[in-house]
Amino acid sequence: MMFFPPDPEPLDRDDVDSPRQPWWSPPEDEFAAVYPVSEVLAVTDHVAIGLVGVLVHRGGIAFRIERRLRRNRMPFREWTDLCATFIEHWPAGAEGTAGRLRYGLVLGDGERVLEDSAFVVGLVPGSDPSRHTLTRNARGGGGGSSTYSAEEGLWLWPGPPPGPIELVLQWPALGIDERRIRLDGDRIRHLMPQARPIWQ
């Protein structure tokens, strides 16, 4: 059985300016505790993805992901196409996103939590989700004629239940099949009270 389910139909919706909800991103008024980790998630001839830290907040946890791309003597036209895939310029329509980068988690109680930025199945502003959520937050990137890099965060809200946490990813368009790493969820949970509020 595959970890990632088939894609839902994309939703049409008007953009609205809503107040920040706690499941969207880490809080701006708190310094996180740090769970040190450096794990290679995937490496190919051209692409590398790594987990370079976990920032632990009182209400949730943020996984810091770094992605690297190298040209490695690739012809220029292929390189520009590869860069477009790496920075996730998808063709229009759901069929254009089938090979995209996808992230998910398996929590200690067996719950699967998917992040899917290609399909907005979001919540009504102001309503609380009934399950854990995983939100991807881009932190930037850039490159040139031979390398490209990007950094992003995955925000799990609320904090995890007892037990291990598995981070799962796949990126078929770049030749990366399903990969998993396991983290010590209990150690991460114990750090949550150590996050420090900035403004009282």
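Points worth noting:
- In this structure residue 57 has an accessible area near 10 Å², from a 1.4 Å probe over the protein heavy atoms.
- P(r) tail fraction, the range 160-200 - alpha-carbon pairs more than 13 Å apart, %: 65 percent
- With N the number of residues in the range 14-73, Rg(Cα) / (2.2 N^0.38 Å) evaluates to 1.54.
- Taking a Cβ cut-off of under 9 Å around residue 47, the surrounding Lys, Arg, Asp and Glu residues balance to a net charge of +2, with basic ones at +1 and acidic ones at -1.
- Taking 7 Å steps out from each Cα toward its Cβ at residue 98 and residue 177 produces label points 1.8 nm apart.
The values are calculated or read from the model by the stated rules, or taken from the named source; none is laboratory data. Owing to the predicted nature of the structure, the values given are computational and were not obtained by experimental measurement. Here Cβ is always computed from backbone atoms with ideal geometry, including for glycine, and neighbour counts include all displayed protein chains. To get the accessible areas, we keep the full protein, side chains included, count just its heavy atoms, and leave off ligands, DNA and RNA. Shrake-Rupley method; radii C 1.70, N 1.55, O 1.52, S 1.80 Å.
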